[in-house]
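K.L.:
Quick one: this structure, given as structure tokens, is what I'll be asking you about.
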Amino acid sequence: MSIPVSAEGWRKELPASVTRLGWILLIAGVAIAALGYIVDARRMAFDNIIGYLFLASVAAGSVFLVALEYIGGAVWSVPTRRVNEFLGALVLLLPLIALPIFFHLHDVYHWTHEEVVSADKLLAGKSPYLNVNFFVLRFVVIFAVWSLFHFLFTRNSTKQDTTKDQKLTTINIRLAAVFMPVFAISLTLTAVDWAMSLEPHWSSTIFGVYYFSGTVLAALSAATYIIIKLHEYGYLPKLQRDSFYSLGALMFAFINFWAYIAFSQFLLIWYADLPEETVWFMSRWRNGWEYVSILLIVVHFAIPYFALLTQDSKMDLKRLKLMAIWILFAHLLDLYWLVMPTYSESVSFSWTEFGFPILLVGLVMVVLSFKMKRNNLVPVGDPKLARGLSFRL
Amino acid sequence: MPMNEKQQFSLTALFDTPDEIIHAAHETSSAGYTRYDVHTPYPVHGMDKAMGLRQSRLGIFVLVFGLLGAVSSVLFMSWVTLVDYPLVIGGKPFWSWPAFVPVAFEITVLLAAVLLVVTMIVLYFKFPNISHPLHDTPYMKRISSDKFGISIQADDPKFNEREVRAFLKKIGGKEIGPVYFDLEDLDHGQTMFDPKFLGVLALTAILVAGATYSVFNQILFLEPFSWMSTQAKQKAQRPSELFKDGIGMRPPVEGTVARGFLPYPFKGKPDEAGKNLVNPLFATKEVIERGKARYLTYCSPCHGNFARGDSRLRGQFPNPPTLHSDKVRNWPDGSIYHVITEGQNVMPSYASQISRDDRWATVLYLRVLQRAHNAKESDLK
């Protein structure tokens, strides 16, 4: 099977209305965030961390999914890989979202208070790692690494559209092999730096993996939603149910993976019952946070688990689309649950929480339409494309 | 065996590529054949659809078995921790459900997987039947190396040897040929319980278990970490590595006395003990409680719960005397203390079981018993 390569390839622009809506959401989000910073800078900085981690999830997770396809030799995902590549471009915007936090480090990160650190034996011991200079340096290096790999993957992939050179696939496979350990370390550091260090006395060695499980889910769900939308509006070549099944199955697998990791973290801390470890869960089990904790289990695990349990449900586009949105929301809730208890002992919710999610949805729409204007939506030169299009279970 | 005793099972054809076999399967199901099967050396994607198969119903079995595993393991662990053997572990409640989750998860997966395979073997392969007409045919030998095949069965309602042969040829089949079978070969059960088969099975099990054991526990054994099993400490019935003479239990250093172990100065001198020893304890509530506990543990088996010399040992052992005799009542505390410490005739010493203070407490409790047994008028006021 081969796809008809028209004169303009598979370059298909999104309608202007989508781009416009993207800009409106983006500006609205920025406005809410700016207002939030004026009204309550401390709270907004915490919301900003949630927003940053969410964007990092979708962006870096998408680069990871691209690498995963190459290193695993996956065939089914080739026709839709461009969506992951486009979303990966979001890594380039990470500094913009992180920037306001850097001006409010003192408000959110206890370990930035030098007088506190010098009087605190534990924090003093951690200070070779937890200090502002090294924190910024880590951010810059991680950003550079993610951007570099995103750039290399997409450049090779795009070049292949015209050259049809199979060697480019081989190069990307090698790159993916290098990227995997780099990604593991950089994502762990991201989780440790931005989320775990909010409570600098506490530590959990599984924390990075925990964030990773949510990262993959978020990137996968974002891609799934966009792929189904594009498919419904005829932007993509005809895909079989089998390809969507693979998306659903991967999503289902990572829903379980998230629950597995989340429970492992809980079980070990609960079992050892060491005060310095249990504090973290204790502060999420009182003053109303216990309801958020229970809600998280239901929203992030129980409901999507049963919604995607059967084989048919993984091929049901409507169900899959709903679950993709649902899981993106669940990841947001997860980050809220990770970050916010440090801000306030009792559960609290404010309009400022809407700023970054709205901003990010707008951002994704704008970036997507920007990317689709300039790139083929299908990797027409990929040697695995034909097999990917006729993929069957 | 003559040919005519065999029945035809099917007509088979071979194909070279997965695409060809997908096409062939599609054609066969479209042509209306229902009793046929496709054989490939490895799973071919898209085959279910090409053959027009319904979704397998084994998924429902998995769900049922999985739930069975989850529920039964949780019930079992609840029974163990609440009813059968309640133990406080790490200061946690008896019913600590988080600790159940890993076990419940494993049992769920295990039962679902194992019972699924069993169900499949029983339902689809008709266990204990272990033979199939296609076994050991040249057709199957080709399939298990590099060919793809289709086998249209003779019991298909549409089966007609000539038509099927033409059909298979039309869809590109090669080496078309019939497969025969002998009813006797398909005799169920016999082969399964053949002693030779069972013997080989048992032998295999023993060999595999032995090989696994020796490889992992002997030949390739790597100690994961040794800081728990190899400690510099005394082990029972082993020479000590800490002392030159190899003796683990050290005699006290000469001329010293261990704390709480003052030597007893009245060995073999009951009278002097009675005269010189003074009970250092007062009959407070705690002391009496303590003495009572010691008495009930160490003395009551012989002297009885109330020291009347009426324990259940009576008649099986030189009868332990009552301790309410005038003699014992009039003894000073020191004399009773001496009996507990040294023993008396057939009564053994309790010095090693009961500490010094506890011996005195026991004496005080004995006094309570004696007083209760011989209460005076004035005690009632």
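Read the figures in this text as sums done on the coordinates, not as results from a lab. Source: prediction; values computed, not measured. So basically every Cβ, Gly included, is an ideal-geometry build from the backbone, and we count neighbours across all protein chains shown.
K.L.:
How would you rank B:His338, B:His23, going from fewest to most other Cβ atoms within 10 Å of each one's own Cβ? Write down the numbers at each step before the final one.
P.N.:
Values: B:His338 25, B:His23 15.
With the fewest neighbours first, B:His338, B:His23 line up as B:His23, B:His338.
K.L.:
For B:Arg312 and B:Glu106, compute 0.36 nm times the residue count separating them, minus their Cα-Cα distance, and round to one decimal in nm.
P.N.:
Details: separation 206, 0.36 × 206 = 74.16 nm, distance 5.19 nm.
Here the segment from B:Arg312 to B:Glu106 would lengthen by 69.0 nm.
K.L.:
At 0.890 mPa s and 25 °C, plugging the Kirkwood radius over alpha-carbon pairs of the range A:16-376 into Stokes-Einstein gives what diffusion coefficient in µm²/s?
P.N.:
On the way: Rh = 21.2 Å.
Using the Kirkwood radius from Cα pairs, D works out to 116 µm²/s.
K.L.:
Take B:Arg259, A:Arg319, B:Arg314 and order them by how many other Cβ atoms sit within 10 Å, fewest up front.
P.N.:
B:Arg259, B:Arg314, A:Arg319
K.L.:
Which of rounded, prolate, oblate describes the range B:270-375, given a ≥ b ≥ c as roots of the alpha-carbon gyration tensor eigenvalues and a/c under 1.5 marking rounded, otherwise prolate only if a/b is larger than b/c? Don't jump to the answer; show the numbers that get you there.
P.N.:
Details: a/c = 1.36, a/b = 1.22, b/c = 1.11.
Cα axes put the range B:270-375 in the rounded bin.
K.L.:
Separate question: With +1 assigned to the C-beta of every Lys and Arg and -1 to the C-beta of every Asp and Glu, and no other charges, what is the dipole magnitude of chain B about the Cα centre in debye, to the nearest 20? Each step should come with its number before you reach the end.
P.N.:
Details: 41 positive and 37 negative charges, 465 e Å.
The calculation lands at about 2240 debye.
K.L.:
Take the Cα pairs of the range B:193-347, get the Kirkwood Rh, then feed it into Stokes-Einstein at 37 °C and 0.692 mPa s and tell me D in µm²/s.
P.N.:
Details: Rh = 22.7 Å.
It comes out at roughly 145 µm²/s.
K.L.:
Taking the Cα-to-Cβ direction at B:Val200 and at A:Asp107 and moving 7 Å from each Cα, how far apart do the two end points lie in nm?
P.N.:
It is 7.8 nm.
K.L.:
For the range B:4-134, compute the orientation-averaged projected area of the C-alpha convex hull (one quarter of its surface), in nm². Could the numbers behind the result be given before it?
P.N.:
On the way: hull surface 51.4 nm².
Taking a quarter of the hull surface, the average projection is 12.8 nm².
K.L.:
Here's something else I'd like to know. When a/c is below 1.5 the answer is rounded, else prolate if a/b is larger than b/c, else oblate, so apply that to the protein assembly as shown with a ≥ b ≥ c taken from the square roots of the Cα gyration tensor eigenvalues.
P.N.:
Numbers: a/c = 3.01, a/b = 1.54, b/c = 1.95.
It is oblate, given that a/c is not under 1.5 and a/b is not larger than b/c.
K.L.:
Counting Lys and Arg as +1 and Asp and Glu as -1, each charge on the Cβ, what is the dipole of the protein assembly as shown about the Cα centre in debye, to the nearest 20?
P.N.:
Numbers: 71 positive and 63 negative charges, 90 e Å.
In debye, rounded to 20, the protein assembly as shown gives about 440.
K.L.:
Projecting each Cα onto the charge dipole of the protein assembly as shown (Lys/Arg +1, Asp/Glu -1 at the beta carbon, about the Cα centre), which of B:Gly149, B:Asn129, A:Met323 comes out farthest on the positive side?
P.N.:
A:Met323
K.L.:
If I require 15 Å or longer along the helix axis, counting alpha carbons, and a Kyte-Doolittle average no lower than -1.0, what helices from chain A are left? Use full DSSP H segments.
P.N.:
Working: long enough: A:16-39 (34 Å, 1.89); A:41-72 (44 Å, 1.17); A:132-163 (46 Å, 0.72); A:167-190 (33 Å, 1.37); A:207-232 (38 Å, 1.07); A:241-272 (46 Å, 1.03); A:317-343 (39 Å, 1.04); A:355-374 (29 Å, 1.52).
In chain A, the long hydrophobic H runs are A:16-39, A:41-72, A:132-163, A:167-190, A:207-232, A:241-272, A:317-343, A:355-374.
K.L.:
Please list, or write none, the aspartates and glutamates whose alpha carbon is within less than 18 Å of the alpha carbon of A:Lys229, excluding same-chain residues fewer than 8 places away.
P.N.:
A:Glu13, A:Glu85, A:Asp242, A:Asp316
K.L.:
Another one. At 222 nm, what helix-only mean residue ellipticity would chain B give, in deg cm²/dmol to the nearest 500, using -39500 (n - 2.57) for each DSSP H run of four or more?
P.N.:
Details: 13 runs with 156 residues, N = 381.
When only DSSP H runs of four or more count, the value is -12500 deg cm²/dmol.
K.L.:
Using +1 at the Cβ of each Lys and Arg and -1 at the Cβ of each Asp and Glu in the protein assembly as shown, identify which of A:Val66, A:Thr80, B:Ser226 lies farthest towards the dipole's positive end.
P.N.:
B:Ser226
K.L.:
Among the lysines, which fall within straight-line cross-link reach of B:Lys269, defined as a Cα-Cα distance under 19 Å, with same-chain neighbours fewer than 8 residues apart omitted?
P.N.:
B:Lys327
K.L.:
Which angle between 0 and 90 degrees, to the nearest 10, do you get for helix B:285-294 versus the longest principal axis of chain B when only C-alpha atoms count?
P.N.:
That works out to roughly 60 degrees.
K.L.:
Among A:Thr112, A:Gln160, A:Ala31, pick out the residue whose Cα is farthest towards the positive end of the charge dipole of the range A:16-376, where Lys and Arg carry +1 and Asp and Glu carry -1 on C-beta, about the Cα centre.
P.N.:
Ranked along the dipole, the leading option is A:Gln160.
K.L.:
First select every other residue whose beta carbon is under 12 angstrom from the beta carbon of B:Tyr295; then total the charges, Lys and Arg +1, Asp and Glu -1. Walk me through the numbers before you get to the answer.
P.N.:
Values: positive: B:Arg290, B:Lys292, B:Arg294, B:Arg359, B:Arg367; negative: B:Glu289, B:Asp358.
Here the charged neighbours net out to +3.
K.L.:
Classify the range A:210-256 as rounded, prolate or oblate, taking a ≥ b ≥ c as the square roots of the eigenvalues of its Cα gyration tensor: rounded when a/c is under 1.5, otherwise prolate if a/b is larger than b/c and oblate if not.
P.N.:
Working: a/c = 4.25, a/b = 1.91, b/c = 2.23.
Verdict is oblate for the range A:210-256.
K.L.:
Kindly put B:Val208, A:Val66, A:Val108 in sequence by how many other C-beta atoms sit within 10 Å of each C-beta, fewest to most.
P.N.:
Details: B:Val208 10, A:Val66 28, A:Val108 21.
Least to most surrounded, the residues fall as B:Val208, A:Val108, A:Val66.
K.L.:
What is the magnitude of the charge dipole of the range A:16-376 about its Cα centre, with +1 placed on the Cβ of each Lys and Arg, -1 on the Cβ of each Asp and Glu, and no other charges, expressed in debye to the nearest 20? Intermediate results must be reported in sequence, preceding the final value.
P.N.:
Numbers: 25 positive and 23 negative charges, 339 e Å.
The calculation lands at about 1620 debye.
K.L.:
What value, in deg cm²/dmol to 500, does the helix sum -39500 (n - 2.57) over DSSP H runs of n ≥ 4 give at 222 nm once divided by the residues of chain A?
P.N.:
Values: 17 runs with 277 residues, N = 393.
Calculated at 222 nm, the ellipticity per residue is -23500 deg cm²/dmol.
K.L.:
Another question, then. By the scheme Lys and Arg +1, Asp and Glu -1, what is the net charge of all other residues having a beta-carbon under 13 Å from that of B:Arg142?
P.N.:
-1
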